[in-house]
Amino acid sequence: MDQHYISRKLIVAKPSDPLVDVAKNMSLLNISALPVVDEKGKLIGILTERDVTRAAADGNLNTVVSDYMTKDVIGIDMAADVQDAAKLMIDKGIRHLPVIDKGKVVGIISIRDVAKAIIQI
């Protein structure tokens, strides 16, 4: 994966983090999705704006990340290319892919990053 298109300033959440605090940080940092990792740094989920909106609609922001994160997270290997990321996003109907290298999350690529890459190709 061309590293120019991966968000490398990686911010992650833990499943036990208070959802309201993570949502505030996402808003302050203009982040639309966060990988959720366990204590060993292994990817176990992703928290998106959509997940936070669902919690707000339920009136349940005073809970933890694990209650609303997407658990069946799809990631992409660092060795993949941008076209692989685009195809995976289209096929699965998702907008964010955690990038994995040697079993650890090293970044995230968004549909916006993919669009930028396509424009530059």
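Things to note:
A quick yes/no check of all residues on (1) in contact with a strand residue (DSSP E or B) (Cβ under 7 Å, 6 or more places away or on another chain); (2) at positive phi; (3) acidic (Asp, Glu):
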position	(1), (2), (3)
34	yes, no, no
53	no, no, no
83	no, no, no
91	no, no, yes
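- Residue count for region 89-121 satisfying the condition of being assigned to a helix (DSSP H, G or I) and touching an Asp or Glu at 6+ places or on another chain (Cβ under 9 Å): 1.
Results for (1) at pLDDT below 95; (2) more than 18 Å from residue 99 (Cβ to Cβ); (3) exposed (fewer than 14 other Cβ atoms within 10 Å of the Cβ), shown as yes or no for each residue.
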site: 17; (1), (2), (3): no, yes, no
site: 22; (1), (2), (3): no, yes, no
site: 43; (1), (2), (3): yes, no, no
site: 58; (1), (2), (3): no, yes, yes
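- Extreme residue, farthest from residue 97 (Cα to Cα), among residues of region 24-36 that are aliphatic (A, V, I, L, M) and surrounded by fewer than 20 Cβ atoms within 10 Å (Cβ to Cβ): 28
- For region 32-74, the candidate set comprises residues that are in a loop (DSSP other than H, G, I, E, B) and of a type in the set (Ser, Thr, Tyr); within that set, the residue that is nearest to residue 94 (Cα to Cα) is 32.
The values are calculated or read from the model by the stated rules, or taken from the named source; none is laboratory data. Every value quoted in this text rests on a predicted model; they were computed, and no experiment measured them. Ideal geometry is used to build each Cβ from the backbone, glycine not excepted, and the neighbour counts take in all protein chains shown.
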